[in-house]
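Read the figures in this text as sums done on the coordinates, not as results from a lab. Everything numeric here is computed off the predicted structure, so don't read it as measured data. No Cβ is skipped: glycine too gets one built from the backbone with ideal geometry, and neighbour counts run over all protein chains shown.
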Amino acid sequence: MMVTFAFAAIVLPDTVMVSACLVLTLAVLIFVFWIEPDAGDSAPHRSQLDQLLERRDSIYDNLRDLKFENRAGKYAEQDYEQMRDALDQEAAQVLLEIENVTGNQAHLARRDPATATSRRP
């Protein structure tokens, strides 16, 4: 009986540990491979025009913020003019690219980010 107790004292903790590891491994594998991805998790395909319009809106927002920060006295006048000129040049380049993509067919209004919905071609 002493031998059986000694054997149980040595083998039982190992069996419990191995069983716990197997259960944990199984739980992780189920979690990783059985979770179905949500359709909203993947980024929608954006056309070149959508990317250009988003970039244009971003530049306009940056110009607005730069103007506000200049009025608040955050920048020296020379620094403000340099940053504004750089953003104006970038905006002109993006607008030219938009015209090239659309073929000058239509005037594209600025989209409100709060009401913008993703479009798929």
By average Cβ neighbour count within 10 Å, what is the ranking of 56-62, 15-21, 29-35 from highest down? 56-62, 15-21, 29-35
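By how many nm would the segment from ASP57 to ARG84 lengthen if fully extended, with 0.36 nm per residue of separation less the alpha-carbon distance? Please list the in-between numbers first.
Working: separation 27, 0.36 × 27 = 9.72 nm, distance 1.52 nm.
So the extension gain works out to 8.2 nm.
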